[in-house]
Amino acid sequence: MSKKIKAYLEMFAISGIIVVLDQFTKYLVRTNLQLRETWMPWEWLEPYARIIHWKNTGVAFGLFQGRGWLFTLIGLMVVFVILVFFRKTIDSNFYWRLAIAAQLGGAIGNLIDRINPNVGYVVDFIWIGNFPVFNFADMGIVIGAIILIIGTWTADEEAKRTLQDHTAGNPSGNDPSRAENIAINDEITEDQFQNNSEDLKIPELPDFKS
């Protein structure tokens, strides 16, 4: 199996898990709770977290409501851009592919809600404290972004350490091969000087003795 095929299989597997989990939980919410109806099996947890059937016509976490058609187009564009960009990450570290796959799964999960004629809106249902209601697709998008940030920071730190190690091992900043060439040239110059010294004849001084 080629590296490219393996990378795409990994992406579809991760994205598929997010989409299936997202759509399954949304289906349970739609079929068991009326709009804005809440549910929590543990009363002691209800003041802090609960399940609610929430209609979201905006983007993640309920932002920019009432523009569903616009965000459907944007969602399609996002999925296309992610698929194109993924091709550039095949030879990169795994965390890049993991982040892209998580964001793809989240984008597809919410897009399915928008284009589904039986739904027509994004179903949000996780309500924690006063935080905006969200779903598993939103979690995939956010987790993918966090992985990208951490991965970028880690790559920068590794690059800095590599540069520091290189500088510490060669304080002058010269290329070792260049230093070797300079040493060889110095030896050649010294040999030439010795050869020229042998060919140099010092004239004899006249004898002034009477």
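Of the residues making up the range 21-48, those that are among the aliphatic types (A, V, I, L, M) and either open to solvent by 100 Å² or more (accessible area, probe 1.4 Å) or closer than 22 Å to N110 by Cα (or both) are L21, L28, V29, L33, L35. For the range 84-103, does any single residue satisfy the condition of being in a helix (DSSP H, G or I), in contact with an Asp or Glu (Cβ under 7 Å, 6 or more places away or on another chain), open to solvent by 20 Å² or more (accessible area, probe 1.4 Å) and under 21 Å from K26 (Cβ atoms)? Scanning the range 84-103 turns up no residue that is in a helix (DSSP H, G or I), in contact with an Asp or Glu (Cβ under 7 Å, 6 or more places away or on another chain), open to solvent by 20 Å² or more (accessible area, probe 1.4 Å) and under 21 Å from K26 (Cβ atoms). Of everything in the range 123-134, what is farther than 15 Å from L35 by Cβ and assigned to a loop (DSSP other than H, G, I, E, B)? Give them in sequence order. Selection gives G129, N130, F131, P132.
Among the residues of the range 49-77, the ones that are touching a strand residue (DSSP E or B) at 6+ places or on another chain (Cβ under 7 Å), modelled with pLDDT of 65 or more and not charged (D, E, K, R) come to 6 in all.
Scan the range 28-35 and tell me whether some residue there is part of a helix (DSSP H, G or I) and at pLDDT below 90. Quick ask: steps written out before the conclusion?
If we filter the range 28-35 for residues that are part of a helix (DSSP H, G or I), which is where we start, we get 28-32.
Right, trim to at pLDDT below 90 and you get none.
Looking for residues that are part of a helix (DSSP H, G or I) and at pLDDT below 90, one finds none in the range 28-35, hence no.
The residue that is farthest from D113 (Cα to Cα), counting only those in the range 1-31 that are touching a residue at least 60 places away in the same chain (Cβ under 8 Å) and polar (S, T, N, Q), is S15.
Within the range 104-137, restricting attention to residues that are of a type in the set (G, A, S) and within 30 Å of F85 (Cα to Cα), the residue that is most open to solvent (accessible area, probe 1.4 Å) is G120.
The values are calculated or read from the model by the stated rules, or taken from the named source; none is laboratory data. As the structure is a prediction and not an experimental result, all values here were calculated from the model. Positions of Cβ are backbone-derived with ideal geometry, glycine not excepted, and every protein chain shown enters the neighbour counts. These accessible areas exclude ligands, DNA and RNA; they are computed on the full protein's heavy atoms, side chains included. Shrake-Rupley method; radii C 1.70, N 1.55, O 1.52, S 1.80 Å.
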